[in-house]
Structure formats: structure tokens, C-alpha cells
1. Would you mind stating whether ILE258 is touching a Phe, Trp or Tyr at 6+ places or on another chain (Cβ under 7 Å) and open to solvent by less than 50 Å² (accessible area, probe 1.4 Å)?
2. Considering (1) open to solvent by 60 Å² or more (accessible area, probe 1.4 Å); (2) under 20 Å from PHE148 (Cα atoms); (3) out of contact with any helix residue (DSSP H, G or I) (no Cβ under 9 Å at 6 or more places or on another chain), say which one VAL57 fails and leave the rest.
3. Has region 394-417 got any residue that is open to solvent by less than 30 Å² (accessible area, probe 1.4 Å), under 25 Å from ILE346 (Cα atoms) and of a type outside the set (S, T, N, Q)?
4. Which fully enclosed helices (runs of 4 or more DSSP H) of region 1-74 have 3 or more residues being in contact with a Phe, Trp or Tyr (Cβ under 8 Å, 6 or more places away or on another chain)?
5. Among the residues that make up region 432-445, is at least one of them surrounded by 15 or more Cβ atoms within 10 Å (Cβ to Cβ), modelled with pLDDT under 90 and over 37 Å from the mean Cα position of the chain (by Cα)?
6. Only one of these conditions is not met by LYS217: (1) modelled with pLDDT of 95 or more; (2) open to solvent by 40 Å² or more (accessible area, probe 1.4 Å). Which number is it?
7. Of all residues in region 418-427 being of a type in the set (D, E, K, R) and loosely packed, with under 15 Cβ neighbours inside 10 Å, which is farthest from SER308 (Cα to Cα)?
8. When region 161-186 is examined, which residues are found to be in a strand (DSSP E or B), in contact with a strand residue (DSSP E or B) (Cβ under 9 Å, 6 or more places away or on another chain) and surrounded by fewer than 11 Cβ atoms within 10 Å (Cβ to Cβ)?
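The values are calculated or read from the model by the stated rules, or taken from the named source; none is laboratory data. Bear in mind that the values here come from a model prediction, so they are computed numbers and not experimental data. Cβ placement follows ideal geometry from the backbone for every residue including glycine, while neighbour counts extend to all protein chains displayed. Only protein heavy atoms, including side chains, enter the accessible area calculation; ligands, DNA and RNA are left aside. Shrake-Rupley method; radii C 1.70, N 1.55, O 1.52, S 1.80 Å.
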Amino acid sequence: MGADIFSIDYIYMTVDPFDKMWVDVLITEPLTDPDEEERKKLTAEDLVAYLNNEGIVAGIIDERINEVIDFIDSGIYELEVRVAEGKKPVDGADGRYEYLVPIADDKAKPKINEDGSVDYYNSLSLAMVNENQVFAEYYPATAGEYGFNVNGDMIKPKKGKNLSPLRGSGFTSEDEDGIVRYRASMSGRIHFNDTKVVIDQVYIVKGDLDIMEGNIKFSGDVEVKGDVRSGLIIDAKGNVYIHGHMGASRIIAGKNVIVKRGIQGKDKGRIEAGGDVTSSFVERCEIDAGGNVIAESSLDANIFARGSIDISGKAGTVVGGSLTAAQGIVMKQSGNETGAKTMLNINVSPYFLRRVAELRNITSRLKGEIDMLEERLKELEELDESQIGDRADNARMQCLRVKVIKTTEYKQAKDELDFREEEMENSKKQAAIVIQKLVYPGTVVNIWREPYAVKNELRSVRYIMKGGKIREEGID
């Protein structure tokens, strides 16, 4: 060893004052020839031993040590050289999902036409998955890598956080080499339902639905790539997508109905949907929608929507027929120059009113039955000990069980009744009929059974209920 490592006073060492993650050394300028001679005796091994003696035992960089010695041999001093570096910990990565297929239908933004109208109908693509197809992989969180400082102290990394397993239906999972793979157990439409992944079976008709295919009754979604010919019936628990036209046929859907090319019902077509109905046009067809109805035009159609009706697209005309919506109607033009009778109504359906009446009867009956059960329980509790026996105990338990059942039924019916009554009240107070351009004589406005016949051709008007009367207001 070329120098006494415990008495090297010409090495100036600086240590990272915060995390001990680095060390710099500087060899001071010799003042005399003996000083320079002493410095030239320093070897790389001496410098490492000196650092070790000072507690620097990790992260020493050999090339930098040699660089310091080369500087001394060349007569270069007063340069700080970083001779040791610690290693920062690498925090663990959080768990992550990698989806191998789209998990949502591709609904392109509505196209704005040159005339300012909106095309809602040409952007449907379902997210599909095949049976046994792996649609998602989960990569678990990692623990990370330990780091260290120049004193050799280990630095613990932060562990990554794991995500919850996928929940839903229509798939299985398997753990292979630490990676969880999710595999479809059926072919169908894949989508998120709240936080769950659901694979629904989809019945796909590759061309027209005609007499050769026959009627369809299906528990999932139905997609028809072509037309639905007259006389056919589709009964689906989910959505119905028709890429072509619908004729004098019947569509029953638990959710939404989309008809891209329009409906020519010939006074025999009918759609019953639990959700929205969207079509480019509606002609001589009946529609009963649990949600909203959106179309470019309506001709001699009878349309009911529990939500709203929007006929304000490219044509935006309503001629003939009857439109009834609980939450409002909007269009560009109502009626025509010939005075075609066109009914515009704000109201709920007869079925809706029947259901309200039914719920009122149910809640009244259940309330009476619950009161009677409470009286009976009170009587049983007031029996003295000599009258209490197995039969009385059994009767009390039976009363309690029936009361729980009746109370649950009452709450469910009362919640639905309250919701429907609030819906009717909002309709009376807020719903309006808006005609953006022209309304012709022959149009009859009816808001909650209060009729108003349009006598003169008008532009840009809105009809609302105020003080029990229909008010006609201009709009900008």
C-alpha cells in the first residue's frame, strides 16, 4: 500500500448530506515538492481503503477511482470526482389489466351534415368476443427492487397495489405463470355494466330477416345486417339493431331499438322498447318506448315515449298521426299546407296511468294488511303467561314472518309509485312542445288533456302549461 490510509489529509471528501446517495472526492493542490511526491504514491487500492475506512462501502465506481489516480499522475488537482453512487429503490408497479379486445360498442360521434343537421344513424359497431377467446390479462403488482446508499444501508421500495379481480358474467379466469387470463365462455357482445364485465349472447342475422329466417325470440341482443321484412317478429330481452329498413313487422326489445334506414310500417308495424328507439324516419308505424324516440321525420305514425320525442333532424317534419311524450317534444315542422291533422300530446300512456292506479290499490291494501298484523301481534303479546303456549308462539312467529314479507312488498310498490307520481308531476310542470320552424293549422296540441287547436300558420313557437292553460310562446 503506497500511503497510510488513516492519515491522508489531502483528500477532501463530500458526502450527500440528505440520503447518502453519492460521494465526491477532491485531491488538494500540493504546496511543495514533497507534498506532490506524497500524492503520487497514492494508489487506487489506497483510495478505496480510505473510503471504506470513512464508511463508504457500497456503490464505489472503479473507473472513477482510476480517474482520480490518473489526474494525480498528470499533475491535475482540485477537481471533484464522484467516486461512489448509491442506487435508488425501484418502486413496485401497480397491477394492471390489458384488454385484448374493445370492451365497449363503437359509437362514432354523430356526423354534422352540410346543412347543419345531425346524422345519428350510421355509426354502429358492436364489441364482440368469441367463445374461448382471451379478452383480458391481468399483470399483478410487483414488489419493486431494493436500493442502497453509499454506507451500504438497504432502502426498501414501495410495493405496488393490486387491483380487484374482474367481476361479471360470461367468462372464466385462469392463472398461468402469475398472469391471470380472462376467457370468454361464450360468443357474444362484451361490454361494461357499471363495474362489471358482461358477455351477452348476440343473435346476428347476416342479411335480411325474411320468411326463410323466421321470427326471432332471443334472451340477448339481436343484430340484423339487412332489412326486417314485413310480417316478421323480433322478441329480444336486450337491444335490437337493424342496419337496413323495417317493414310491417313487430319488434319487442327489453332495451333499445335502432333502425338505421327507417321504418315503413304500412299501418301494421309496431315497436315496443324498454329503452330508446332511434330511426332515420318513421312512417305509418306505432312506437311505444320506455325511453326517448329520435327520428329524422314522422309520417302518419303513432308514437309514445315515456321520455321525450326528438324529430329535429335533417327533415324534422311531423305530418299526421299522434305523438305523445311525458317529458317533451321537439321538431322543426308540424303538419303541412293541406292541414293534415297532427296530434302533439304531453301525457303519460294509458298503461302508465293504469299502473299508477294499480300501485295505489296495492299500497293501500298492503298498508291495511300490515296494520291488521300489527294489531294481532299486539294481542298476542298481551296474553298472560297462563295463556301462552306453543300455539300462541307459533301464531306470533307466523305473524312476524308474514309482516316482514308484506312490509317488503309495500316498500317496493311505494317506491315505484312515488317515482311514477314524481315523473307525472315533472311532466306537468316542465314538459314543452317546441316547433323550431313552422306549425300549420290542423295541428292540435294537448297538454295533460287540455287541448289547443292551431288556427294560423306560425313560426318558431313553444307550447307549455301555465296556470292550468296552454300558453303559446315565441322562441328565438
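1. yes
2. VAL57 satisfies all of (1) open to solvent by 60 Å² or more (accessible area, probe 1.4 Å); (2) under 20 Å from PHE148 (Cα atoms); (3) out of contact with any helix residue (DSSP H, G or I) (no Cβ under 9 Å at 6 or more places or on another chain) except (3).
3. yes
4. The helices (runs of 4 or more DSSP H) meeting that bar are 33-40.
5. no
6. Condition (1) is where LYS217 drops out.
7. Selected residue: ASP418.
8. THR172, GLU174, ASP175
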